[in-house]
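Inspection log for the structure reproduced underneath, given as structure tokens.
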Amino acid sequence: MAFDVQSLIPPLDGPMCYRPSFDIHAIVAGEQRMTDGQFLELYHHAALPDLGRWAFAAVSRHHPEDYRTYVIDRNINYTNICTARCTFCAFKRNDPGAADAYTLDRETIYQKIRELVALGGTQILMQGGMNPALPLSYYQDLLQGIRQHFPAVHIHAFSPPEFVEFSRFFNMPVPDLLAKFKEWGLATVPGGGGEIFSDRVRSRIGPGKCSGEQWLDVMSAAHRLGMHTSATMLIGHIETIEDRLDHLARLRQRQDWALANALAHYSAFIHWTYQPDNTPLDRKRKWTPDSGKPFEFDDGRTVRLADAHEYLRMLALARLYLDNFANMQSSWVTMGPKIGQLALYFGANDMGSVMMEENVVSSAGTTYCLGEEQICHLIRDAGWIPAQRNQYYQVLRRQDGADAPDLRPRKPGIFPLRQHKITPQEAGAYRAISLRTWSSRVEPAASPP
Ligand code: SF4
């Protein structure tokens, strides 16, 4: 018998831990847009279960379907040589002569795509490093070669910081570069390098990388050309809640513009938490709620890591605030499978990608890896039918038959769904501090703007 997930939604007019000073029901119903003041009020005062049920009601309005989605793609990091010096990054190599600096040749990339196709994958997510040694012809050959050899594979590649650097390397305006890349086979642009748009944060964690406004301009140019993009946010480093809100506000504003004026728009929002291992930023002092002081931006000298509670809190608030975004992804890669699954109850409607390969967050000590079988199991276990999608969030296959990846008969004695046991490295991802202890001490604003 099908499980009716709607039955899990608690009544919105039921008991709440925190009663907002505004009409939260109108926001959940999409009748009103959340203001910045209302966002801050909820961040500082609402309890996580309340945020979860409001966000769940909102995501159920956007997605009343009986399924939740995932995509099979492969992350291909074609080079780790980079001109930028992001302090949260353990992946880049600034010295091209370093023993472990690399740039993948075409054949290696083709082989990775062949493996993806053999597993039923439909797209690649390809990002660098911003490598000044690569000529424009490298990208042309790569894109045209992939298009020719793998015409069915969707190319989701090259984030805005890369385009801004390409513009400098090749002395060509970003819109012209985007148009060329599109002609060569690029289909959509991933939201990598979004981090936090605020200049004061960005200048400290991402030296050598494009500004927040440049990031947004690249995406608007892609939208004008009819290329969908995704939007991202990195939390749990030196940013304040006001910096996160500013980030979301600028995304919402640009999405309004794209929906009204452009041929394409942001198809999804994804946020994740900073993973500290092996990164320069990890050497900064850490804020703890036990200090008795609120977290403040002190020229970026103090880091406030984000734990699962903070991740879910931001997901729920983003779902309520970004009313013009259709899709929100769960970040199980950084949060682990169980929090990733729980995210479906806090505003996410998509489990993101089955992970064949990941090099960036794994360089920073996070090593979660789930196959299609496990992703399907997590979705079904949460009450929905798993469905494989493409990059446009169109369903390719509902996994509701006996041959679904998580329902196929197994060999006796094998319990593959339990393979994602916690390793010491994974346990490290949960060591972040609880942030709510301090926030609950803040007095409510008398009258939110
Ligand atoms: S995050 Fe990206 S842009 Fe920044 S240093 Fe790492 S590879 Fe380069």
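No value in this document is a laboratory result; all are computed from the given coordinates. Just so it is clear, the model here is predicted, and its values are computed rather than measured. Here the Cβ positions follow ideal geometry from the backbone for every residue, glycine too, while neighbour counts run over all protein chains shown.
Key figures
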{"quantity": "Exposure proxy order (Cβ contacts within 10 Å, fewest to most) of 250, 244", "calculated": "250, 244"}
{"quantity": "Distance from segment 80-132 to segment 315-337 (C-alpha centre basis), Å", "calculated": "26 Å"}
{"quantity": "At R0 = 30 Å, FRET efficiency that the Cβ-Cβ distance of residue 393 and residue 115 yields, to 0.05", "calculated": "0.75"}
{"quantity": "Relative contact order [Cα under 8 Å, 6+ residues apart], segment 38-133, whole percent", "calculated": "38 percent"}
{"quantity": "Per-residue ³J(HN,Hα) for segment 257-274, Karplus 6.51 cos²θ - 1.76 cosθ + 1.60, θ = phi - 60°, Hz, x for Gly and Pro", "calculated": "4, 4, 5, 8, 10, 10, 8, 8, 7, 6, 8, 7, 10, 9, 10, 8, 9, 4"}
{"quantity": "For segment 65-439: lysine pairs under 25 Å (alpha-carbon distance), excluding those fewer than 8 apart on one chain", "calculated": "14"}
{"quantity": "Relative contact order of segment 136-208, defined on C-alpha pairs under 8 angstrom at six or more residues apart (%)", "calculated": "39 percent"}
{"quantity": "Placed amide H near residue 209: partners under 5 Å, 5+ positions off or other chain", "calculated": "85"}
{"quantity": "Computed over segment 65-439: relative contact order in percent, which uses C-alpha pairs under 8 Å that are six or more apart", "calculated": "20 percent"}
{"quantity": "Potential extension, residue 149-residue 137 segment - 0.36 nm per residue separation minus Cα distance", "calculated": "2.6 nm"}
{"quantity": "Order of 34, 126 - criterion: other Cβ atoms within 10 Å of each residue's Cβ, fewest first", "calculated": "34, 126"}
{"quantity": "Karplus-derived HN-Hα couplings along segment 311-324 (A = 6.51, B = -1.76, C = 1.60, θ = phi - 60°), whole Hz, x at Gly and Pro", "calculated": "4, 5, 4, 5, 4, 4, 5, 5, 4, 6, 7, 8, 5, 9"}
{"quantity": "Listed residues 108, 86, 119: farthest to the positive end of the dipole of segment 75-119 (Cβ charges)", "calculated": "86"}
{"quantity": "Extension gain, residue 31 back to residue 99 (0.36 nm per residue minus Cα-Cα distance, nm)", "calculated": "18.8 nm"}
{"quantity": "Residue-by-residue Karplus 3J(HN,Hα) for segment 43-54, coefficients 6.51, -1.76, 1.60, Hz, glycine and proline x", "calculated": "4, 7, 10, 6, 7, 4, x, 5, 4, x, 6, 5"}
{"quantity": "Distant-in-sequence amide H partners of residue 93 (H built 1.01 Å from N, under 5 Å)", "calculated": "81, 82"}
{"quantity": "Principal axis dimensions, segment 65-439 - Cα atoms, whole angstrom, descending", "calculated": "55, 51, 49"}
{"quantity": "Sequence-distant residues sharing a close amide H with residue 68 (under 5 Å, placed H)", "calculated": "385, 387"}
